[in-house]
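> Next up is a structure, given as structure tokens.
The values are calculated or read from the model by the stated rules, or taken from the named source; none is laboratory data. Keep in mind it's a predicted model, so treat the numbers as computed, not measured. Every residue, glycine among them, receives a Cβ derived from its backbone with ideal geometry; neighbour counts consider all protein chains shown.
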Amino acid sequence: MRVREITPGPDCDALLAGAQFADAYTVPIDDRTLDARQAAERMFARNPAWLDSLLRLRNILVMPFGLKTSAENEPSNGGMIGLFPVRSETSDRLVVGFDDRHLDFRVVVDVARGEQVTATTVVKTHNLLGRVYLAVVLPFHRLIVRNMLQRAFLQPFIEPVFRDAPESTGLTRRN
């Protein structure tokens, strides 16, 4: 069993009208009880140290351009999963992402229970900065998504414990 790149589903334009980029990766699962929120939490809860370092570097580099370094102030009825606000949710599909001045993006986690989890990324750029940013991050993006799926579903999962995690993160909180 391994993570495979697949053709994104036909509904990418419905997710983000005018998107210029979409990719999708899938991994087989055996868990018939796993829903989309649980799958997304598993994917975004286990960042390797190198990814946290890349995100810190990214935030330092984009500050002079006025790009968002956090989604904390983004509107979200479904709370946050990892760094991202939940935009919509059903038991089989969860959509996270936000809009910025250079680009808008969505990460879609689809669960076919007992069969597979698919992560689809959809991006709409707004200007030259967005196109350059996408070109620079794309090689990292592909590596990160594959790694997230592999760590979440192909390696033994140990639920992370966050002592100070706010309830809205959906992460396990221990006192």
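> Does residue 41 fit the bill of being over 24 Å from residue 142 (Cβ atoms) and in contact with a helix residue (DSSP H, G or I) (Cβ under 9 Å, 6 or more places away or on another chain)? Can you show your working first?
On the way: over 24 Å from residue 142 (Cβ atoms): no; in contact with a helix residue (DSSP H, G or I) (Cβ under 9 Å, 6 or more places away or on another chain): yes.
It is false that residue 41 is over 24 Å from residue 142 (Cβ atoms) and in contact with a helix residue (DSSP H, G or I) (Cβ under 9 Å, 6 or more places away or on another chain).
> How about segment 104-123: which of its residues are more than 15 Å from the chain's Cα centre (by Cα) and either within 19 Å of residue 83 (Cβ to Cβ) or among the polar types (S, T, N, Q) (or both)? First the steps, then the outcome.
Within segment 104-123, the subset more than 15 Å from the chain's Cα centre (by Cα) is 112-116.
Hit for segment 104-123 is 116, nothing else.
> Let me spell it out: the conditions are (1) over 16 Å from residue 38 (Cβ atoms); (2) in contact with a helix residue (DSSP H, G or I) (Cβ under 7 Å, 6 or more places away or on another chain); (3) at pLDDT below 95, and residue 100 meets all of them except one. Which number is the exception?
All conditions pass for residue 100, except number (2).
> Follow-up. Out of the residues in segment 69-97 that are out of contact with any helix residue (DSSP H, G or I) (no Cβ under 7 Å at 6 or more places or on another chain), charged (D, E, K, R) and buried (at least 16 other Cβ atoms within 10 Å of the Cβ), state the one that is modelled with the lowest pLDDT.
The residue in question is 74.
> I'm checking my understanding of the structure. Among residues of segment 77-102 that are assigned to a loop (DSSP other than H, G, I, E, B) and not small (Gly, Ala, Ser), which one is farthest from residue 121 (Cα to Cα)?
Of segment 77-102, the ones assigned to a loop (DSSP other than H, G, I, E, B) are 77-79, 82-83, 90-92, 100-102.
Those still in the list that are not small (Gly, Ala, Ser) too: 77, 83, 90, 92, 100-102.
Details: 77: 21, 83: 15, 90: 17, 92: 16, 100: 16, 101: 18, 102: 16 Å.
Out of the qualifying residues, it is 77.
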